[in-house]
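Reading through the structure tokens given below for one structure.
The values are calculated or read from the model by the stated rules, or taken from the named source; none is laboratory data. Since we're looking at a predicted model, the values are computed, not measured. Note that each Cβ is placed from the backbone with ideal geometry, even for glycine, and that neighbours are counted across all protein chains shown. All accessible areas refer to the heavy atoms of the entire protein, side chains included, with ligands and DNA or RNA removed. Shrake-Rupley method; radii C 1.70, N 1.55, O 1.52, S 1.80 Å.
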Amino acid sequence: MSVTHETDDVRVAQIGEYQIITRPPRKDLVALVEIAAQVARVPLATINLITDTHQHQIATSGFDASVCAREDSMCNLVLHDPEPVVVEDASLDPRFADNPFVTGQIGDVRFYATHQLRTPKGVVIGTLCVFDTEPRTITAEQEQALRALADRVVDLLELELRTRELSASVGRLEEVQAELKRSNEQLAAFAGQVSHDLRNPLTAVSMALRMLSDELAERDVQRESGLQYLLARAISGSSRMQSLIDDLLAFARLGGELQRRPVDLAVVMREVTEDLSAALEGATLEVEDLPVVTGDAVQLRAVLQNLVANAAKFTRPGEKAHVSVCSYRRGDSWRIEVVDRGIGVPAGQRLRVFQPLARVDDSVEGSGIGLTTCRRIVEAHGGRIGLEESPYGGTTAWFELPA
């Protein structure tokens, strides 16, 4: 009994997905049963869906649809027969002779032919049935046509289900797009406010640095040359910070669109080296020739800065960082590599570290979002990014950009 109940549960669930029992007869299904009646040359045809308790006639030809108890259903008796069931005179068939559809209690069926409706999941949900009140026969070709029409019934049910699911998915996608638009608008507003809040104090700092530089220029140049050098670096850094704020604000206002133009990665790398001077103190940094690529300079600089900063940060105990930056042509792409001799990343973690908030070494300060940002930037440029073991046992962080 448990197997029967489980089968019934599956069938009832499948019928529920089609959402058809409680609806008026569908025109496409009515047309199909009319074709079935014409093919078999009988006056009556129906599509039956059989639940755990009832038989539902969801489309009929030659009579009005109704619902009956499952135990009264003729089709229930042969529901799981894989081949079409054809009976010349049901009153003479032991399976149906006492059935109320044959005895006159509900109907006076004599000729009876039916074939199961099997879904793509293999669930038998009911039958396509043709019948007559007079005994008759059908040919093998008509039996084959009945089988084909039963398959078309399931096709129509599946088509409506998939259409409904697609419509729901489109609706959810539209909601996500609307939310994304709203979020981008909020991001632009937020970026504008942050930019304003940062620009004013940064302008004040830059002005103070320039005034101090002018004042030192009036003193003994030789004696103050060291301070002048530090001031020049500070002024240059504040100018780049101002440019970064402006570019990020423009990026947010454009909804995250890339500002594509030729980018000399050698120039970008020099700026990165200067900005990371504190992090690279005592480290060995080797930079080979880097190409000119097409992309967003601000974002590509963020990628290089993050990868170089990581290479300088994750060192072996007691050792200074040793970082090499190089590039080479690989087919239609430029591959840029940042190679270190640090602690490395285990092979099983090299994909996970690109997930948000994923970290390998919690003893080193960091947020776990840098590589996630790098991946998004590189993929937005149509490229790829990854990690490999370096020849020195450390990590080779690489990214590829279209040439």
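Residues of segment 299-315 that are open to solvent by 40 Å² or more (accessible area, probe 1.4 Å) and either more than 20 Å from residue 373 (Cα to Cα) or of a type in the set (Val, Ile, Thr) (or both): 315 alone.
For segment 28-42, the criterion of being outside any strand (DSSP E or B), farther than 24 Å from residue 134 by Cα and either modelled with pLDDT of 95 or more or of a type in the set (A, V, I, L, M) (or both) is met by at least one residue. Being acidic (Asp, Glu), out of contact with any Pro (no Cβ under 8 Å at 6 or more places or on another chain) and surrounded by 10 or more Cβ atoms within 10 Å (Cβ to Cβ) is the filter here; which residues of segment 140-183 pass it? If the condition is that a residue be acidic (Asp, Glu), out of contact with any Pro (no Cβ under 8 Å at 6 or more places or on another chain) and surrounded by 10 or more Cβ atoms within 10 Å (Cβ to Cβ), then 151, 155, 160, 165, 174, 175, 179 are the ones that fit. Does residue 148 count as assigned to a helix (DSSP H, G or I) and within 26 Å of residue 26 (Cβ to Cβ)? So residue 148 fits the description; yes. Please verify whether segment 290-298 includes one or more residues that are of a type in the set (A, V, I, L, M), open to solvent by 80 Å² or more (accessible area, probe 1.4 Å), farther than 15 Å from residue 386 by Cα and modelled with pLDDT of 90 or more. Yes, some residue in segment 290-298 is of a type in the set (A, V, I, L, M), open to solvent by 80 Å² or more (accessible area, probe 1.4 Å), farther than 15 Å from residue 386 by Cα and modelled with pLDDT of 90 or more. Among the residues of segment 74-110, how many are open to solvent by 60 Å² or more (accessible area, probe 1.4 Å), in a helix (DSSP H, G or I) and over 26 Å from residue 7 (Cα atoms)? Total satisfying the criteria: 2.
Within the option set 318, 342, 331, being among the small types (Gly, Ala, Ser), surrounded by fewer than 17 Cβ atoms within 10 Å (Cβ to Cβ) and farther than 24 Å from residue 401 by Cβ holds for one residue only, 318. Checking the structure you have, find out if any residue of segment 254-266 is modelled with pLDDT of 85 or more and surrounded by 18 or more Cβ atoms within 10 Å (Cβ to Cβ). The answer is yes; a qualifying residue exists. The residues listed here are 344, 366, 348; of these, the one that is at pLDDT below 90, assigned to a loop (DSSP other than H, G, I, E, B) and farther than 22 Å from residue 301 by Cα is 344.
Pairs meeting the criteria (first residue in segment 312-331 and within 17 Å of residue 397 (Cα to Cα) and in a loop (DSSP other than H, G, I, E, B), second residue at pLDDT below 90 and acidic (Asp, Glu), beta carbons under 8 Å, at least 6 apart or on different chains) are 314/361. Residue 217 passes every criterion in (1) of a type in the set (A, V, I, L, M, F, W, C); (2) modelled with pLDDT under 65; (3) open to solvent by less than 80 Å² (accessible area, probe 1.4 Å) apart from (2). Out of all the residues in segment 270-301, which are assigned to a helix (DSSP H, G or I) and farther than 17 Å from residue 323 by Cβ? Across segment 270-301, the qualifying residues are 297, 298, 299, 300.
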